[in-house]
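The values are calculated or read from the model by the stated rules, or taken from the named source; none is laboratory data. Computed from a predicted model, the values in this text were never measured in an experiment. We place every Cβ from the backbone using ideal geometry, glycine too, and count neighbours over all the protein chains shown. For accessibility, only protein heavy atoms count, side chains too; no ligands or nucleic acids. Shrake-Rupley method; radii C 1.70, N 1.55, O 1.52, S 1.80 Å.
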Amino acid sequence: MAKKFISIWTIVTAMLIAIDAYLIAFYAPIEINQGAAQKIFYWHVPSAMTMMTFYIIGGVASVVYLIKKNAKADALAVSFIEIGFLFCTIVLVTGPLWAKPVWGAWWTWEPRLTSTLFVWLVFFGYFMLRASLENKDHARLYGSVLAIFGCLHPPAGFKFALKPAGCNVADADCFYYNCAFTRRLIGLFKI
Amino acid sequence: MSKFLALIKKEWILAGRQKAVFLSLLLFSTLVILLIYFGLEVLEVKPKGIVPPVIWLAIVFGGTLQLNRTYDFERDEDVLDGMRLIPDIATQFYLSKFAVNFLMLAIITVFSSFVASILFDYPLFTELRNIIPPLFLGLLGLTAVGTTFSTMVMVHHKRDILLPTIFYPLIAPLSIAVIKSMQPEYLDAASWFKILLVFDIIYVTASLLVFDKMMEG
């Protein structure tokens, strides 16, 4: 039953991706300033949103595992983090593909791009840690701890919500971005 | 409190027995600074702003070796299992490890700062006001996370590789904050200092919260 469901789900997903690709290529209009490169946004932005959502759910499941020591919570955490990692990889590949024609460089050390790279590295370490620990209980326990730290990774957690409208994202040391970021982060802790 | 003091005393005695290893950590930090210097030899005049990152890198690389040794004595003969039998010991045990690691890293910091200031002709004493607060906060965050993570890799035979792999990505934003806030000529140094403070609050709190659970495991 489960196998049949997965097969049907895979076919439906593949069809939706194909339709999506067709609509992006032929239906969506070409943006005046950025040209065809802007079409990457149709993959990049939803991938980033999915990544954030899945990492947060994975982090919450890890907290639940740490409190209850429930293997199901750990399985849930690993599943969500795996999918989050996949979408994080998509974000890191599509970001530079968009940046090259628009900003003239593959990598600009823009705060969001950089913090996404750090998050990708943290969760790459998460999988390495889990795979290298032979004791399953240790793998679950320490994996959960690392996942919690990964999700607490502040710039990653707040980067989308806190970016002010006036910030010039092309500037790697975006002064106003950092000011507002700090102000709001400190404000959050005051609450 | 008496448990904490006893643990600190134990850590201090154990650290005292490993003076030779600690000296090699200082040597390693010096070598890191030397290698960076040779890497930058193409620049005839070394900008003043290069030195704070060099000091921080020497601390991170030398510190990682120290952090990897945190549980050298607990690894053998199931000492940690014995510790688990003592009620309400986890936080005090963590704090004792944290305190010793912090002290060791602080010594590496002072030593590396002197070496870097000599090699790069850096006015260390006039810059102390700018570099001490960020370095202090940076060491706090680095030690908090490092002590927690060294628990994770303690029993692993490839811990020398595993610790940096999981540790460096997490402290990378902290490192950026330390380096930027050490340079007052950088416009946004004050904002980075506040970010550094927030990192410390998050890392120290999270470490204290999860260590209890890690000891249960």
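Details
- Filtered residue count, segment B:142-192, keeping only those that are crowded, with 22+ Cβ neighbours inside 10 Å, among the small types (Gly, Ala, Ser) and facing chain A (nearest Cβ under 9 Å): 1
- Test: residue in segment A:39-60 that is over 22 Å from A:Phe149 (Cβ atoms) and more than 17 Å from the chain's Cα centre (by Cα): yes
- Tally of residues being aliphatic (A, V, I, L, M), farther than 14 Å from B:Glu11 by Cβ and open to solvent by 40 Å² or more (accessible area, probe 1.4 Å) across segment B:90-108: 1
- Listed by first and then second residue, the pairs with beta-carbon distance under 9 Å, at least 6 apart or on different chains, first residue in segment A:67-79 and farther than 20 Å from A:Met51 by Cβ, second of a type in the set (Asp, Glu) and part of a helix (DSSP H, G or I), are A:Lys69/A:Asp137; A:Lys69/B:Glu216.
- Whenever a residue of segment B:61-81 is on the phi > 0 side of the Ramachandran plot, it has no partner that is of a type in the set (Gly, Ala, Ser) lying with C-beta atoms less than 9 angstrom away and at least six residues away or across chains.
- Filtered by the rule that a residue be at pLDDT 90 or above and aliphatic (A, V, I, L, M), segment A:118-138 gives A:Val119, A:Leu121, A:Val122, A:Met128, A:Leu129, A:Ala131.
- Selection within segment A:78-133 - outside any helix (DSSP H, G or I) and more than 20 Å from B:Ile176 (Cα to Cα): A:Gly104, A:Ala105, A:Trp106, A:Leu133
- Residue pairs whose Cβ atoms lie under 8 Å apart, sitting 6 or more positions apart in sequence or on different chains, and linking a residue in segment A:131-142 that is open to solvent by 40 Å² or more (accessible area, probe 1.4 Å) to a partner that is among the hydroxyl-bearing types (Ser, Thr, Tyr), are A:Arg140/A:Tyr65.
- Cβ separations smaller than 7 Å between residues 6+ apart or across chains give the following pairs from segment B:192-217 residues that are closer than 11 Å to A:Phe149 by Cβ to residues that are assigned to a helix (DSSP H, G or I) and modelled with pLDDT under 90: B:Ile202/A:Leu152; B:Ile202/A:Pro154; B:Ala206/A:Leu152.
- Hey, A:Ile83 modelled with pLDDT of 85 or more, open to solvent by 30 Å² or more (accessible area, probe 1.4 Å) and touching a Ser or Thr at 6+ places or on another chain (Cβ under 6 Å) or not: no
- Segment B:193-217 - residue that is within 7 Å of another protein chain (Cβ to nearest Cβ) and more than 30 Å from B:Asp88 (Cβ to Cβ) and, of those, most open to solvent (accessible area, probe 1.4 Å): B:Lys194
- Reported count of residues in segment B:15-56, each being out of contact with any helix residue (DSSP H, G or I) (no Cβ under 6 Å at 6 or more places or on another chain), open to solvent by 40 Å² or more (accessible area, probe 1.4 Å) and in a helix (DSSP H, G or I), is 12.
- Contact map, segment A:1-20: first residue free of Cβ contacts under 8 Å to residues at least 60 places away in the same chain, second residue in a helix (DSSP H, G or I) and among the basic types (Lys, Arg), Cβ cut-off under 8 Å, separation 6 or more or different chains; the map is empty.
- Of all residues in segment B:179-189, none are within 22 Å of A:Met128 (Cα to Cα) and outside any helix (DSSP H, G or I).
- Matching residues in segment A:51-80 - criterion: being open to solvent by less than 40 Å² (accessible area, probe 1.4 Å) and either at pLDDT below 90 or farther than 17 Å from A:Arg140 by Cβ (or both): A:Met51, A:Met52, A:Tyr55
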